[in-house]
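Structure record follows, encoded as structure tokens.
The values are calculated or read from the model by the stated rules, or taken from the named source; none is laboratory data. Note that the structure is a prediction, hence the values are computed from the model and not measured. Cβ placement follows ideal geometry from the backbone for every residue including glycine, while neighbour counts extend to all protein chains displayed. These area figures cover heavy atoms from the full protein model, side chains too; ligands, DNA and RNA do not enter into them. Shrake-Rupley method; radii C 1.70, N 1.55, O 1.52, S 1.80 Å.
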Amino acid sequence: MSKYEPMTRKALITGITGQDGSYLADFLLEQGYEVVGMIRRSSTLNFERIAHIQDKLTLVPGDLLDEVSMINILKEHRPHEVYNLAAQSFVQTSWGQPVLTGETTALGVTRVLDAIRTVDPEIRLYQASSSEMFGKVQEVPQKESTPFYPRSPYGVAKVYGHWITINYRESYGLHASSGILFNHESPRRGLEFVTRKISYAVAKIKLGLQDKLALGNLDAQRDWGYAQDYVMAMWLMLQQDQPQDFVIATGETHSVREFCETAFSYLDLDYKDYVIMDERFMRPAEVDLLVGDPSNAEKTLGWKRKVGFQELVSMMVQADYDTLSSQIK
Ligand code: NAP
Ligand code: GDD
């Protein structure tokens, strides 16, 4: 562990209303941090994931599309650490909105980096890079040195974000690190992502609220971990003396079909009776197989995931089943 221990540690999280932002806020509050969350203006509030800690957070308006807002937040709140988790994060949407995805997920990172450089270059930055950058994989398993071959506008935008982070580190000496995180899921995962789409549908089918589940490519393979395990790795990266990029993964891969089998069988159902193929959920270019090698993070950061595949799937199905059951009572 580094000697870096500011008196009152203050962290800014962009994307605090998202899955990872909410778990990271939980974690940092437990560590005694003062947590500032940047939220973008919307006509309705979407604080479901942070409702349980809202009174402990300082929420400030800002947007990755607007550098002025970020400069002002940094000037006013003077965080020691910034976690840039905000992004247009849904791969499928990135083909329909490639320019917005580039503005947010790619150029947004430059805005964050430049705001830090301008206001206080001592601020440490975590950038949310992604295994989607490996795309059409050039090596199995993927590690920090594996070349990128992104297969979606989202993946391309993340490659930009990754390299601009390295560039600002090398150009200006910023303590900026990227976590190349493989897919991580939880009961707080957005409903459009395949794992939550499946767990939610399984619960609804069991309760008689839905008949079928329409999916795209069942053969895609992913290295799925638990989001709560992964946010700790983000924090560990910023506690190192030297900034560095790390792959964070479980080292195991499973197909979407296997996820279905496991999720349906948890509630004594057979996925073959319910899952149907729907072309609408197929992608113009697919990432067929992701599996990461987390050995560098395990060795250098002392990080290790706790939750395995079976436990993750059960946790998600059980959580959706409990929530839906209580709603229909
Ligand atoms: P998420 O649930 O989709 O959350 C995304 C967050 O970004 C939300 O808080 C969203 O705010 C915010 N946001 C979007 N556009 C913004 C903008 N223009 N300005 C400010 N905030 C904006 O994503 P996640 O799963 O927590 O992922 C967190 C980060 O890790 C993302 O950068 C994602 O690309 C990356 N990542 C995720 C995974 C994974 O498997 N989960 C793996 C690798 C990398 P609203 O609530 O207002 O929409
Ligand atoms: N969403 C979705 N919906 N995906 C489906 C469906 C469906 O109905 N049917 C099959 N899939 C397949 C997709 O084609 C993809 O191969 C796989 O399931 C996973 O899709 P998502 O859950 O949408 O995640 P992702 O892998 O595309 O992207 C997630 O992980 C990245 C890290 O590798 C996101 O969290 C990204 O933000 C993240 O960077």
Residue check for Val35: surrounded by 22 or more Cβ atoms within 10 Å (Cβ to Cβ) and in contact with a helix residue (DSSP H, G or I) (Cβ under 6 Å, 6 or more places away or on another chain): yes
Among the residues of segment 64-71, is there at least one that is closer than 15 Å to Gly21 by Cβ and in contact with a Lys or Arg (Cβ under 8 Å, 6 or more places away or on another chain)? yes
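Rundown of residues vs (1) within 28 Å of Ile50 (Cβ to Cβ); (2) surrounded by 21 or more Cβ atoms within 10 Å (Cβ to Cβ); (3) not assigned by TED's automatic domain parsing to the domain that holds Ser22, yes/no style:
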position: Ser131; (1), (2), (3): yes, yes, no
position: Ser145; (1), (2), (3): no, no, no
position: Tyr149; (1), (2), (3): no, no, no
position: His162; (1), (2), (3): yes, yes, no
position: Asn167; (1), (2), (3): no, no, no
position: Lys197; (1), (2), (3): yes, no, yes
position: Val202; (1), (2), (3): yes, yes, yes
State which residue is least open to solvent (accessible area, probe 1.4 Å) when the search covers only segment 264-308 and only residues that are within 13 Å of ligand 2 (Cβ to nearest atom) and assigned to a helix (DSSP H, G or I). Tyr271
So Gly179 clears everything in (1) more than 10 Å from ligand 1 (Cβ to nearest atom); (2) not in a loop (DSSP other than H, G, I, E, B); (3) not hydroxyl-bearing (Ser, Thr, Tyr) except one condition, right? Which one? (1)
Would you be able to say whether some residue in segment 48-56 is surrounded by 22 or more Cβ atoms within 10 Å (Cβ to Cβ), assigned by TED's automatic domain parsing to the domain that holds Tyr172, within 20 Å of Lys10 (Cα to Cα) and more than 16 Å from ligand 2 (Cβ to nearest atom)? yes
With more than 16 Å from ligand 2 (Cβ to nearest atom), at pLDDT 95 or above and under 20 Å from the mean Cα position of the chain (by Cα) as the only criterion, which of Leu12, Leu74, Leu85, Leu64 stands out? Leu12
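So, in segment 133-143, of the ones that are closer than 23 Å to Gln92 by Cβ and more than 9 Å from ligand 2 (Cβ to nearest atom), which residue ends up surrounded by the fewest Cβ atoms within 10 Å (Cβ to Cβ)?
Top of the filtered list is Lys136.
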Look through segment 77-100, keep the residues that are surrounded by 16 or more Cβ atoms within 10 Å (Cβ to Cβ) and of a type in the set (Gly, Ala, Ser), and return whichever of them is farthest from ligand 1 (Cβ to nearest atom). Ser94
Name every residue in segment 187-245 that is aromatic (Phe, Trp, Tyr) and farther than 15 Å from Phe309 by Cβ, in order of residue number. Phe193, Tyr200, Trp235
For residues that are buried (at least 16 other Cβ atoms within 10 Å of the Cβ) and of a type in the set (Asp, Glu), scanning just segment 223-251, find the one that is farthest from Glu122 (Cα to Cα). Asp223
Within segment 56-72, considering residues that are in contact with a helix residue (DSSP H, G or I) (Cβ under 8 Å, 6 or more places away or on another chain) and closer than 22 Å to His175 by Cα, the one nearest to ligand 1 (Cβ to nearest atom): Leu64
